Amino acid sequence: MINNSQYRLYGRTKGRKKKNSDKLYLNIELKELDKSKYNILDIGAGFGESTIKIAKEKKNAIVICCEKYIDGLNNLYNKSKTYNLTNIYIYEGNVYQMIDEYCKEDSISEVWILFPDPWPKKRHHKRRLISESFFNKINKYLKYGATINIASDSKLYVSEILEVIYKVKKDFEWLNQSKSDWDYNPKILPETKYFKKALENGLNPFYAKLKKL
């Protein structure tokens, strides 16, 4: 039996201006991953811009959006219908629970974690997703050569991410180690709401790409 207390989620589930947000996406909820498919996990997709871009570019892949923000999931649902994308699935909740319930070993081909909440207050740092324990958790579910894409505009969080990358180097190769390759390129990568917000605030987002060894 799953202990839901271990999958606690933080942050808002609905927009501040809306008292109620109806779920519109029930017909594209997640099913157990098929290891024979090219499965992409988009964690914390916000309003779904990244999920849409990935799904449009890789129509033969299964793209799983793992997110708790209902307004964002509704936006993703509507956009998926607009672009007639049938390869998107949604998991509303904690990524650790999603992995435990729906993933098999060697079933994930790509992971995207774009602009995760930096939880800037020191007492909240333990809520940050990118950690050595996260890599240890997801490692066995990744296929050989699977990639993990990470982006952040928080200098403090980036410093922590770099430390984590160093700690997991025996299991993951950092593909863009050159500092000149760290800049987030919207011509290649999803141009999300949080990327645009970073630019408006004069920030230069950091991007890292890792490959499972």
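Here is how the numbers come out for the structure above:
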quantity	calculated
Near pairs, Cβ below 7 angstrom, 6+ apart or cross-chain, from region 192-210 (of a type in the set (S, T, Y)) to any residue that is outside any loop (DSSP other than H, G, I, E, B)	T192/E49; T192/S50; T192/L114; Y207/A151; Y207/D183
Answer from Y102, Y38 - the residue that is modelled with pLDDT of 95 or more, open to solvent by 50 Å² or more (accessible area, probe 1.4 Å) and within 22 Å of N139 (Cβ to Cβ)	Y38
Residues of region 56-88 that turn out to be surrounded by fewer than 21 Cβ atoms within 10 Å (Cβ to Cβ), among the aromatic types (F, W, Y) and assigned to a loop (DSSP other than H, G, I, E, B), as a count	1
Breaking point among (1) open to solvent by 20 Å² or more (accessible area, probe 1.4 Å); (2) in contact (Cβ under 8 Å) with a residue 60 or more places away in the chain; (3) under 19 Å from K212 (Cβ atoms); (4) not aromatic (F, W, Y), for I108	(1)
Residue within region 156-175 that is assigned to a helix (DSSP H, G or I), free of Cβ contacts under 8 Å to residues at least 60 places away in the same chain and in contact with an Asp or Glu (Cβ under 8 Å, 6 or more places away or on another chain) present	yes
Residue within region 206-213 that is closer than 27 Å to L33 by Cβ, hydroxyl-bearing (S, T, Y), modelled with pLDDT of 90 or more and open to solvent by 30 Å² or more (accessible area, probe 1.4 Å) present	no
Given (1) open to solvent by 30 Å² or more (accessible area, probe 1.4 Å); (2) among the basic types (K, R); (3) under 28 Å from K179 (Cβ atoms), number of the condition R128 does not satisfy	(1)
Yes/no for A146 being within 21 Å of Y207 (Cα to Cα), without any contact (Cβ under 8 Å) to a residue 60 or more places away in the chain, crowded, with 17+ Cβ neighbours inside 10 Å and of a type outside the set (D, E, K, R)	no
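The values are calculated or read from the model by the stated rules, or taken from the named source; none is laboratory data. This is a predicted model, so every value here is computed, not measured. Cβ coordinates were reconstructed from backbone atoms using ideal geometry, including for glycine residues, and neighbour counts include every protein chain displayed. Note: areas computed on protein heavy atoms with side chains; ligands, DNA, RNA excluded. Shrake-Rupley method; radii C 1.70, N 1.55, O 1.52, S 1.80 Å.
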